[in-house]
Every structure is written in C-alpha cells, then in structure tokens.
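Asks: Input: one structure, supplied below.
Read the figures in this text as sums done on the coordinates, not as results from a lab. As the structure is a computational prediction, the values presented were derived from the model and not from experiment. All Cβ positions, glycine included, derive from the backbone under ideal geometry; neighbour counts span all protein chains shown.
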Amino acid sequence: MSVREDLADRMPGGDAGLIVAVLLVTYAAYVLVGVGLGYSLRGQLNTIAVLTFYIGVFAMLALALNLHWGYTGLFNIGIVGFMAVGVYVMALFTKPIYTPGGAAQVGGLGLPLIVGIVAGMAAAALLGLVVALPALRLRADYLAIVTIAMSEIVRFSFLSSDLQQFQMFGNRVGFGGGSGLILDFTDPLQALFQSVGLWGAYLGFVDAFKAIVPTNPKPVVDGLVYGLFLLLFVAAYYWLLKRTGESPFGRVLKAIREDEDVANSLGKDTNQFKIKSFMLGCALMGLAGIFWLMTQGAVTPNFFRPRVTFFVWIALIIGGAGSNTGSVLGGAVFAAVLYQGPRYFKNLVDTVLPAADAPSSFGPAIAPLISNLNPAPMFFYTVDSIRQLQLVVMGLVLIWLMHNRPEGMLGHRKETAAGIPLTAAHARAAATDGGTAKNAANDAADDAATAGGDSDE
Amino acid sequence: MGIAETYSRGRRFAVDRPGAILLVLVAVLLFGDLLVGLATGRTAFSEVGSLLWDGLMRGLVIGLAGIGLSMTYSILNFANFAHGDYITAGAFSGWATTYLFAGLGRADIGSLLLVGAGGSVFGGALGIGITGTPFAVIAGLVVAGVFAIALSLAVDRVIFRPIRDQDGITLLITSIGVAFALRYMMQFVFGSDVRGTTAQPPSLSLYFVDGAIRINMHDLTLVVVAGGLMLGVHLLLQRTKLGKAMRAMADNEDLARVTGIPTERVVRSVWIIGGGLTGVAGYMFVLWKGTLGFNDGWLLLLLIFAAVILGGIGSIYGAIAGGLVIGLTASLSVLWIPSAFARAAAFVVMILILLVKPSGLFSGRATA
C-alpha cells in the first residue's frame, strides 16, 4: 500500500500527473503496436480518437458512480437506466419537428441542444429521486436489486410499441420502440462551435489538417476534437466531485458511508443527503450517457443492457472506490485494456491474417481440433467472438480483483475531512505562498501538533 | 367496547401504514375493474382462466428456482447474481443430454451436444417432448440437476469460499463477475440464437364458462415435478437435523459453529439442494416454454429476486408463495396494461412490497 501511495506522491503533479502519465503510456502502447503493423496515419489517428472517446465516457461514468458508491455507499447497479433516460429525453427535446416524408419516423420538439442536455440530466435526476425514495431506507443489496430492476423497466419501456410515437404539443414525437431512434439533430460539435461563433475557424482548421490527412479529414478531426472535449468534461467532473467531496456536504456523505447511524445521531438528516447525492450522481450519469450516444447518429434500447453498468463497476473497482483519481485511472485502464484492447487485438489479427475465414459456430470450430488436432479454426472462432469472450475476461478480472485487491489501484485513501491542509509538508508550502504572520503561526502550531504522527513519513 | 377497540386499532393501522392502505385500495380497484369487465363481457372468463394458468406455471418455475436463491441469501448473506446463470447452465446441460438421447443416430453427436447451435438440429424435428421421448426428458432433467449441483459446488469452492468472511457487497460484486463469465462462456459455446427445443406437446382443452383453457402435457409435467420437489424440500427441512442446522446458521453463524454444527458441511448441503432445484427449474422452464437461449436465466433472475424478497429472504415457503405472486402478476397484468410492461409490473409489485413490508410476506421465518 505504501508503495502505491509513494507512486502518487513521487509523481510530479501528484494525482493529475499520475493520470497524465497513465494516459501517455496507454497511447504510446497503442501507437507503437500500430506503427509495428504499418497502420496508416489516418488509421492511427482514428484509433486514438476512439480510445479517447471510451476513456472519456468510462472515466465520467466511473466518477459519477464514485459519488454514489465511493462517497455515499449507495450500491447502484442501474447506471444504464439513468443513461438511457438522459439520452432519450435529450433526443425528445432536440430532434427536429416531424415532417412527413423525412427519414425519421418520429420527430422531437426541435429545441436547442443545450436545452435537451439539461432536460436529459434533469430527467435522469428525477428518475433517481423516484428510485431513491423507496429504496434508500433499505439495505444496500435491496437498493441494488431495485436499481437493476429499474434499469430493465426503462429498457422495456423504450422497447415497447406504446411509446413508439405519441403526440406532444401537437407534434408527432416518440421513442422509436425496438427499431431505434435516429438522432437527426445538428451535429453536436457544429452546434457547439456555432454557438461560440467559431464554426468558420473550425472548418478552416479542418482544411489545414489536409496537410496530414489528404483526403476527407473531417471525420478524423471531428473524432479527435470530440475526444478532447470529453476529456475536458472528465476534468470538469473531477473538479466538481472533488469540490463536492471536500465540502461540508461531502463530509456528511463520507460519514454516511462509514456509519449512517452516527451521522444520524449527530443531527444530520441522512436520507436528505443520500437523496441529493443520488440525484446528482444520476444527473451526471445521464450526461455521460448523452455524451456517449450524442454523436452516434442513432440509439436503440438494447444498447442499454445491464452489461454497460457492469463495465462501469469494473472501471471503478479497478481504480478503487472512494478515490476520484482512481475512478479516472480505472476508467482509462478499463477502456484501454479490457474494452478496446480485445477489439484492437481482433483488428490486428484481421490485418495480419486477412484471408482467414472463421467458423460460424462452436461445433465446426472444435471438430478439427478433436479429430486431427488442428487448432486454427478454434483460434479464428475465438478471435471472431472476442466481443463475447472479453465479457468472460472482465468477469474473471472482477473476481480476481475482489479476491486479491478489493480496494483497487487507489481505493480508500484516507482523505482528510478538513478544508485546509493539515500535514506539515503542505503547511510549510502554504506558508511560503501565504506569508502572513498569522498563517505562519498557525502552521507552526500545526507542525507541533502533527510532528509525532508525521515522523514516519 | 369491542367495536370501539376494533375501530381504534383500525385507525392506528391507517395512520401508521398509509402505504399499505393505499396498496389495498389499488388492489381492490383493479379487482373490481376485473369483475365489472367479466360481468359486462368485456373480459372473457376463459381469457382470465388462461392467464391464471399461465401465471401459475410461471410462478412454479420462479418458486422452484427461488428456493435455492433464498437459502444461499439467508445462510451465506449475499444476493447471488450468478444464480440466473446456474439456471441457464443447468438448462443447457440437461437439454444437451435430451438432444443426445432423442437424436442419437439421426444427427451428428456434436450438433446434438451443442443443442443444435447454429440451426444444425431442431428439437421439434427430433420430436422431443414428455410423451414423445419420455426417457430423454427424464435423463435431461436428472443431468440438469446434477450439473447445476456440480457447478455451484465448484464455483463455491474456488470463488466464494476464500472470501466467505467478507461482507455481503463484496460477495455480491464477485457473483456478478461469475454471472458474466458463465453467461458469455455459454454464449461462446452454444451461440447466441434462441432455439426451439420441443415438438408441440399434446394438450387438452378444459371448458370454462365461455371458452377453453388449453393445458398441455408439459404444463402437467411442470406441476408434478415442481410440486414433488417442493414437497420434498419441505419434508427434508422439517424432518431432518439439516433443516434445524440451517435455521441456526441463518440466525447466527458463530453461535452455530460453537454449538458444534459443521457450518461448512451445512453450506455444502445448501448449495447441493439449491443448485439441484435451480438446475431442474432451468430445465423445466425450457421444457414448458419450448425455447432456449443463453440469456434465459438472467432474464428470469430479476423475477426470482422479486419473488424471494416478496416472500421474505430465507423462507422457502416465502420463495414459493412469492414466485406464485410474481408469476401471476406478470401474467395477469396484461388485463390492465400493455403486455410490454408485464415484466415491469412484477418489478413494481416487488418495489411496493419493499415499501410497505421490507421484510417480506413470510418475514422472521428463516429457512422453512
């Protein structure tokens, strides 16, 4: 444990430095493999863009989950339901008004994107309230069952033909049912740059990018810029949750996590705090869901299967519940190694052995292995079904983590409950910055008080 | 005086438990609506009867699978999310056996063992059913139970036992990992297509007021198997020391060990009983509905959780009763709401029960 803490301490820039270092190592690994296989620059850039996208969404979701589980101790395994509500409500608000003969079966209310995003977050938070009201009084495992049941109810509702289309303010709107919903609003990046009057400049930048990618650079640039945009939002989530965690509100949340009865007996209305924390986390999950699907062009209810919830949980557990830095790291490691890694590996195999024809099912794959010890069909079948097998691997990783490292990479670090730095080293640094006599006196007192405890550091 | 006392008690109840009163009112309203519908001919008696029968069958499967979940929940103190995949694993092992016995010589062994993965063999073409191939079905039933026992013992030995002293949430997260590993391993081996497994079983029509309720041989098989096993578990837990030891362990594990109860052996018995019932439930579920897919157990699991919580964790009678309530809710709800929300209705019932009586209907009665 001390080794890991040393790692974070020695890293220049502390937690942020650690995150940047992990990201750089990840990208370097991906690029090196790509270079080794002679990928084109365009392919490399696309790989980086996709990787950044998933690192961004998983880091955001893990951070939001950390607020629930790491801070407040709320066992939410219905994450995907809040994401779904966020996306669908956003689509309902922002899709253009229905016109007969268009590609879309149903329309929306045609409001600006930002209105839709806020509405989606609000809807996710409201759903969180509805779930939290009955379930928070109960044991953690009951909350688990209620939340996962809720996420399935949400999925079945969006799948049902009754909500496929309906009238709202005289417009034909709906959720598309099982065949999905086309997200035919303005491209989010375009909307963003237009709102700040930089769309022309952006198009100029894309044109300039032709020097690197000669043909049709826009999708590549769009992917990279969107990835960067997501990383900015990860930073925003991180900042928000750090501030929340260090505020008096956050201290009560941690007290609830450790012992709800104690927090209650100190006169805190723990139910209020839990509900607020739950709703905030749900809104953040809704926003992460919006960011995940906003640029995908369409959304189907079956995207929101419970496995996505399970992905976020693995990301959080890898990083370590209770630590925001750990959540981001967990999201990055999960996205790079467990989520994109096997898919990248499959692409590699397809590049190296392009002519290979994989058997369509397990029978033709195993038969040659048994009859004449020919492992090739089995290998190709395995590579071909990597999307299923990666879930098996994730399950095994989760089991391994719970056996050997339930606290994750950085979990359950002792976070000081005080808003001001308490340790001697920090206090001295603050003194040199601050410089008033009163501060220095306080610091000296702190030094004296903590000297005994800090001597072993 | 009697009237006054009854009145004051009723008033206290109404003040203390407004949720319960509201729930009863809603139930009465729905029931009244159903009666009006029946009286005016809007709803056919035979339709309600068919839904009742369907819900009963569903409830028997849920109850049978719920016994094992309820037992492990109370004795090992965690919600086992891998339970649904034990159901699927039992079903696949059993159906591979059934296919093998029913189709030997008519199709190649590999396709039969993979339960016709990729559309290589069809259960309907093999004429599988309790009347057509009784021996294959019984062999499959036995193998399903035995395989699920072996699987749950192996998983317990390798995965759950080393972390038995951890808290329930750690075990719960671990069981989610087990669930995903098992489920997608099965998808890898058996493929993701949902296959039909049985030929059309012979059925009889019972005339009921204004129409017929069809009951087929597989329904009756389910009633016999589920009823028999439930009775067997009841006798086992009531008449043997094992039942008493389990109750003691559910109550206080340390005290049970101090008293000389071999707790690890009791845990093993719990997995054997629970796993066996789960595997059989999975097999019967597939025999009854006639299709098999790798997601079946998982989709059933949430309903089973609903049943177990509804009945009160740890009570096998609770699991059975809860299973019947959940099954009937899921089936009968289509009388009032669109069928897409039938499953949602069952979850809503569970959430309502959690609100009104979080300890479940049979609360305070740990295991038997």
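Asks: Would you mind pulling out the separation of the Cα centroids of segment B:270-340 and segment A:129-204, in Å?
Replies: Between the Cα centre of segment B:270-340 and that of segment A:129-204, the gap is 30 Å.
Asks: Between residue B:21 and residue A:199, what is the label-to-label distance in nm when each label sits 7 Å out along the Cα-to-Cβ direction?
Replies: According to this spin-label approximation, the distance is 5.9 nm.
Asks: Using a 10 Å cut-off on Cβ to Cβ distances, tally the other chain neighbours for every residue of A:360-370 and report the average as a whole number.
Replies: 5
Asks: Neighbour counts of other C-beta atoms within 10 Å: give me B:163, B:169, A:77 arranged from fewest to most.
Replies: Ordered from fewest to most neighbouring Cβ atoms within 10 Å, B:163, B:169, A:77 come out as B:163, B:169, A:77.
Asks: Could you pull out every whole DSSP H run in chain A that spans at least 24 Å of Cα extent along its own axis and averages -0.5 or higher on the Kyte-Doolittle scale?
Replies: Qualifying helices: A:14-36, A:41-65, A:113-135, A:140-159, A:218-246, A:270-293, A:386-404.
Asks: Related question: Between residue B:251 and residue B:193, what is 0.36 nm times their sequence separation minus the Cα-Cα distance? Round to one decimal in nm. Could you put the intermediate results ahead of the total?
Replies: On the way: separation 58, 0.36 × 58 = 20.88 nm, distance 4.38 nm.
Additional length available on full extension: 16.5 nm.
Asks: Please work out the C-alpha center-to-center distance from segment A:8-83 to segment A:319-333 and express it in whole Å.
Replies: 9
Asks: While we're here: Hey, got the average number of other protein chain Cβ atoms within 10 angstrom for residues in B:337-343?
Replies: Taking all residues of B:337-343 together, the mean is 4.
Asks: Regarding chain A, what are the three Cα extents along the principal axes, ordered largest first, in Å?
Replies: 72, 62, 53
Asks: Of the residues B:307, B:342, B:125, which exhibits the maximal mean-square fluctuation in a Gaussian network model of chain B defined by a 10 Å Cα contact cut-off?
Replies: B:125
Asks: So for each of B:88-94, B:315-321, A:295-301 I average, over its residues, the number of other beta carbons within 10 Å; can you give me the resulting order with the highest mean first?
Replies: Ranked from most to least packed, the peptides come out as B:88-94, B:315-321, A:295-301.
Asks: Turning to a different aspect of this structure: Can you flag which of A:242/A:346; B:241/B:357; A:276/B:357; A:274/B:357; A:210/A:346 are past 27 Å Cα-Cα?
Replies: Check vs 27 Å cut-off fails for A:242/A:346; B:241/B:357; A:210/A:346.
Asks: Please check: in the Gaussian network model of chain B (C-alpha springs, under 10 Å), which one of B:23, B:112, B:100 has the largest mean-square fluctuation.
Replies: B:23
Asks: How high is the relative contact order of chain B? Use alpha-carbon pairs under 8 Å, at least six apart in sequence, and give a whole percent. Walk me through the numbers on the way to the answer.
Replies: Numbers: 599 pairs, mean separation 113.5, N = 368.
Worked out over chain B, it gives 31 percent.
Asks: Per 0.36 nm of contour for each residue apart, how much would the distance between residue B:291 and residue B:335 grow if the chain were fully extended, relative to their Cα-Cα spacing?
Replies: Length gained between residue B:291 and residue B:335: 13.4 nm.
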